[in-house]
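K.L.:
Below is the structure I would like to discuss, written out as structure tokens.
The values are calculated or read from the model by the stated rules, or taken from the named source; none is laboratory data. Not measured: the values here are computed from a predicted model. Note that we place each Cβ from the backbone using ideal geometry, even for glycine, and neighbour counts take in every protein chain shown. Ligands, DNA and RNA are stripped out before the accessible areas are found, and what is left, the full protein with its side chains, is counted by its heavy atoms. Shrake-Rupley method; radii C 1.70, N 1.55, O 1.52, S 1.80 Å.
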Amino acid sequence: MTATTQDHDDRAYEDLAYNVFAKACPSRGTLEHVTGRWGGLALGALYEGSLRFNELRRRVDGVSEKMLSQTLQALERDGLVHREAQPTNPPRVDYELTPLGRQVAERLLALIHCVEGAMDDVLAARARYDGTRGAL
């Protein structure tokens, strides 16, 4: 990247109303919710369509009920997930992405697919690293 290009990128970034690199910026919390272990997986799973809590829990293998509940609450608070409770017996609660949630999930899924597609290279790099520096 040339100095001129870098200067342009820096100025464009400074013009943003929010700066995730600033400690006090509220966008940092949302980024953590989206990119955290369970948030990213929940958003990716919900991209396929509306799911009930237990369906989502089965889809996101390994998440506890408590962690999934906390994750969904954070994503709902950020406006990424919509929760709809229906007054049935037993109660039925469905989760789906909001339009903003769909936008975020699309980008997240592109990253997920990139990582999945590069796993042969990642595993080879890990083996090389472990071979020269010892396994972690």
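K.L.:
So, of the residues in segment 28-61 that are at pLDDT 95 or above and among the basic types (Lys, Arg), which turns out to be farthest from LEU111 (Cα to Cα)?
P.N.:
ARG52
K.L.:
Six or more apart or on different chains, Cβ under 9 Å: which pairs go from a residue in segment 47-59 that's touching a residue at least 60 places away in the same chain (Cβ under 8 Å) to one that's surrounded by 12 or more Cβ atoms within 10 Å (Cβ to Cβ)? Could you list them?
P.N.:
So the pair list comes out as TYR47/LEU97; TYR47/GLY101; TYR47/ARG102; TYR47/ALA105; TYR47/GLU106; TYR47/LEU108; TYR47/LEU109.
K.L.:
Does segment 68-84 contain any residue that is open to solvent by 20 Å² or more (accessible area, probe 1.4 Å), modelled with pLDDT of 95 or more, touching a Leu at 6+ places or on another chain (Cβ under 8 Å) and more than 29 Å from VAL20 (Cα to Cα)?
P.N.:
No, every residue in segment 68-84 fails to be open to solvent by 20 Å² or more (accessible area, probe 1.4 Å), modelled with pLDDT of 95 or more, touching a Leu at 6+ places or on another chain (Cβ under 8 Å) and more than 29 Å from VAL20 (Cα to Cα).
K.L.:
Let me ask something additional. Quick one: in segment 4-27, of everything that is among the polar types (S, T, N, Q) and open to solvent by less than 100 Å² (accessible area, probe 1.4 Å), which residue is modelled with the highest pLDDT?
P.N.:
This residue is SER27.
K.L.:
Mind listing whichever residues of segment 95-126 are without any contact (Cβ under 8 Å) to a residue 40 or more places away in the chain and either polar (S, T, N, Q) or outside any helix (DSSP H, G or I) (or both)?
P.N.:
If the condition is that a residue be without any contact (Cβ under 8 Å) to a residue 40 or more places away in the chain and either polar (S, T, N, Q) or outside any helix (DSSP H, G or I) (or both), then THR98, GLN103, ALA118 are the ones that fit.
K.L.:
Can you say whether LEU72 is more than 16 Å from LEU109 (Cβ to Cβ) and not in a loop (DSSP other than H, G, I, E, B), as far as the supplied structure shows?
P.N.:
Here the answer is yes, as LEU72 does meet what is asked.
K.L.:
Name the one entry in VAL104, VAL122, VAL93 that is modelled with pLDDT of 95 or more and more than 11 Å from the chain's Cα centre (by Cα). Working first, answer last.
P.N.:
Values: VAL104 fails: more than 11 Å from the chain's Cα centre (by Cα); VAL93 fails: modelled with pLDDT of 95 or more.
Only one candidate qualifies: VAL122.
K.L.:
A further question follows. State all residues of segment 40-49 that are surrounded by fewer than 19 Cβ atoms within 10 Å (Cβ to Cβ) and either touching a Phe, Trp or Tyr at 6+ places or on another chain (Cβ under 7 Å) or farther than 18 Å from ALA74 by Cα (or both); if no residue qualifies, say none.
P.N.:
Scanning segment 40-49 gives GLU48, GLY49.
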